[in-house]
Amino acid sequence: MDNPEQQAVPARPKASARRKARSLALQALYSWHMAGQALSDIEAQFRTDNDFSKVDSAYFHELLTGVPRNLDELDNQLGAVLDRDIKELDPVELTVLRIGVYELLKRIDVPYRVVINEAIEMAKSFGATDGHKYVNGILDKLAPRLRKAEVSAARNR
């Protein structure tokens, strides 16, 4: 570096690597939800069966372990805005919502709009026909509760 004012900035994972991590985490968490298999076994299987060269591997691991570890808190947040019992939700939409709530609560480095958009895209890819609309509605209700300052600042722009 010729310019002493230039600092080496740690490389941020590409958005596509995060998107792939979310997608794989969704599938792994869905498997965990449906089969109740040990997370370590699911993670090992996913790492064996999938090419992780373009995946944010650390983010995948965080979502895969963080969602179950914080399940009660995530489900309590969801329960406050759901229009039905959590047990009545489609398992794919429930898993997408849990990932979204986890990111809203624990990953404040990810803008709330990115969290919502990524959840919508996962619901479109893996969920029922209009499941993405439901996911959008629920996360839109939760974002102002969980990211009050960020949402207020965005609305005041």
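The values are calculated or read from the model by the stated rules, or taken from the named source; none is laboratory data. If you're wondering where the values come from, they're calculated on a predicted model, not measured in any experiment. Note that each Cβ is placed from the backbone with ideal geometry, even for glycine, and that neighbours are counted across all protein chains shown.
Among the residues of segment 100-140, those that are over 21 Å from D83 (Cβ atoms) and among the acidic types (D, E) comprise E103, D109, E118, E121. Of all residues in segment 37-59, those that are among the acidic types (D, E) and in contact with a Lys or Arg (Cβ under 9 Å, 6 or more places away or on another chain) total 1. Has segment 89-111 got any residue that is farther than 19 Å from A15 by Cβ and in a loop (DSSP other than H, G, I, E, B)? Looking for residues that are farther than 19 Å from A15 by Cβ and in a loop (DSSP other than H, G, I, E, B), one finds at least one in segment 89-111, hence yes.
For segment 73-84, a residue qualifies if it is more than 18 Å from H132 (Cα to Cα) and among the acidic types (D, E), and the qualifying residues are E73, D75. Counting only residues that are among the polar types (S, T, N, Q), over 11 Å from the mean Cα position of the chain (by Cα) and surrounded by fewer than 16 Cβ atoms within 10 Å (Cβ to Cβ), how many does segment 108-140 have? The number of residues fulfilling the criteria is 2. Within segment 127-136, the presence of at least one residue that is closer than 24 Å to Q45 by Cα and at pLDDT below 95 is confirmed.
Exactly one residue among L82, L146, L105, L71 is within 14 Å of the chain's Cα centre (by Cα) and surrounded by 14 or more Cβ atoms within 10 Å (Cβ to Cβ), and that residue is L105.
In segment 18-40, what residues are among the aliphatic types (A, V, I, L, M) and touching a residue at least 40 places away in the same chain (Cβ under 8 Å)?
Those that are among the aliphatic types (A, V, I, L, M) and touching a residue at least 40 places away in the same chain (Cβ under 8 Å): A21, A25, L26, L29, M34.
Restricting attention to segment 31-85, the residues being among the small types (G, A, S) and in a helix (DSSP H, G or I) number 8. Could you list, in sequence order, all residues of segment 90-133 that are farther than 20 Å from T65 by Cβ, touching a residue at least 12 places away in the same chain (Cβ under 8 Å) and of a type in the set (S, T, Y)? Y112, S125 - these are the residues of segment 90-133 that are farther than 20 Å from T65 by Cβ, touching a residue at least 12 places away in the same chain (Cβ under 8 Å) and of a type in the set (S, T, Y). Of everything listed in (1) touching a helix residue (DSSP H, G or I) at 6+ places or on another chain (Cβ under 9 Å); (2) over 19 Å from Q27 (Cα atoms); (3) not small (G, A, S), the single unmet condition for E121 is (2).
Just to be sure before I move on: is R98 closer than 17 Å to D75 by Cβ, surrounded by 15 or more Cβ atoms within 10 Å (Cβ to Cβ) and either under 14 Å from the mean Cα position of the chain (by Cα) or of a type outside the set (A, V, I, L, M) (or both) in the structure I sent? Lay out the reasoning, then the answer.
On the way: closer than 17 Å to D75 by Cβ: yes; surrounded by 15 or more Cβ atoms within 10 Å (Cβ to Cβ): yes; either under 14 Å from the mean Cα position of the chain (by Cα) or of a type outside the set (A, V, I, L, M) (or both): yes.
Yes.
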